[in-house]
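The structure appears below as structure tokens.
The values are calculated or read from the model by the stated rules, or taken from the named source; none is laboratory data. Computed from a predicted model, the values in this text were never measured in an experiment. Glycine gets a Cβ as well: all are built from the backbone with ideal geometry, and neighbour counts include every protein chain shown. Each accessible area value is taken on the protein alone, full model and side chains, heavy atoms only, with ligands, DNA and RNA left out. Shrake-Rupley method; radii C 1.70, N 1.55, O 1.52, S 1.80 Å.
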Amino acid sequence: MHPRTATLVAFSDAELDTGRSQRIARHLQDCPECQAALDRISKEKQDLSALAGGAGPVVDARRGLAAVLATMARWREGPAPEMKSRARAQVEIYFGCGAASFMESPDIRADELLGKTLALMTAFLGQEAAEAVAGEILRGLDCAALTAEVLP
Amino acid sequence: MTTAEDWSGLQSAPRWIMGVTGAYLCLGLFVFYVWCHAAPALSLQASPGDTEALSVVGMTAAQAWFCLLALRSFQPGAPLRRAWFLIMLSAATHLVGGVLGQLPGDASPIHRIALLLSGPVQMALLAAGLLAALVVLRRFGFGVRPKATGWAVAGILVLFTLTRFGETASKQVTAGNAISLARNLLLCVLSIEALFLWLSAGRMGRGLIAKCWRAFAIGIFVIGFGEAALWAIGSYFPAWLVAALEWYVWFPAAAVFALAPAHAVAAVRRATGRSTRSSSDLRVPVFPRTAAAN
């Protein structure tokens, strides 16, 4: 099923959450029709921006798509397994093995697992502690550098 | 990282509570032994009740303080904040009741207020707090269905408290009896909550948060089974001995109740103490948004 034009506009404006962006990006990979629609949206926005005297940032939807795809690839092969293992370790420390095995289905994505872990930590330890645990999980994975790398 | 030798800071609070409780119980047993032998020989009339009550009040103060620290970890609107608030109120009420109960005059209105605060009021607040916690545990997938064994254990406690309820109800209705009736009913509710908490914590594992909620369940079981044991031996042993033994129920129970929030505080301190990253580094990168910014 093709995403609606409004969704593609939101995607090109980076207004969708990570999970939804990734779903749209996956669809765009295999759908030339939607890719063309995204190009049209991008061009229209550039035209509008030019009419307005170049005010405001011009969003290159193609670049956004490339970034999301690159990120997805990274999640699959790069820091993802390490992140999963760290998230599991943190849940085991604060909750126990039962909680760690209970929350992890075999095909869970690393970012989903991280989200679940942080939701659990926020609920039972509070926001500050959850952020600290997130720091512990992400330490050394250098997500900021990863962002810069996939977005030239 | 916390090590076995690390006894500094709030992270080690559970260890301190366990250590102090163990030492104090050993000392208490020794004093009790000496007192049992010396009192008849020296015609002593006083009992060590006052110091015993103060030790329970001290543990309750520790519980209230740890509950306050745990409560402060949660932002307004956080799911567990209400639970910790009620549990903190329960500890504070118990503390105020305990302090007022030490004032002279057993039949004074203040003493009755103390009994009310440290009895039904405290238990009702604790029951409400634990119920809120159980709702959160269930929401996050730690809900449980007790098996026959669990129901049997809780059933024994409920049966005992209902028996006590029947005993008290058959007597003349006084303020003290009414308080006792309410207390017994609330102990029934707490016993069932303790069963659910115990099983939920068991489903989590052996982590710090699991230990926290398990400790609340243990505290309730100690009170329930301790009171049942005291009631059972009450017919066979002199009243002074039973009164002296009460401390061995109330003090460990108070210690376990202090241990519960101490575990929660230790978990929070452990998490926040180890973080070396600034909060701006902690967010999971959202790449499409970054693309838009470029």
Quiz item: Once you average over the residues of B:135-145, how many Cβ atoms of partner chains fall within 10 Å of each Cβ?
Solution: 2
Self-check item: Probe 1.4 Å - accessible area at residue B:151, Å² to nearest ten
Solution: 120 Å²
Practice problem: Report, ordered by chain and residue number, the lysines lying within cross-link reach of residue A:84, taken as a straight Cα distance under 16 Å and ignoring same-chain residues fewer than 8 apart. | Solution: A:116
Quiz item: What is the range B:91-194's relative contact order, in percent, from Cα pairs under 8 angstrom and six or more apart in sequence?
Solution: 30 percent
Quiz item: If you find the alpha carbon centre of the range B:164-223 and of the range B:111-133, how far apart are they in angstrom?
Solution: 11 Å
Exercise. Mind ranking A:113-124, B:26-37 by how tightly packed they are, going by the mean number of other C-beta atoms within 10 angstrom, highest first?
Key: A:113-124, B:26-37
Quiz item: P(r) for the range B:181-230: what percent of alpha-carbon pairs falls in each 10 Å bin, starting at zero?
Solution: 27, 48, 21, 4
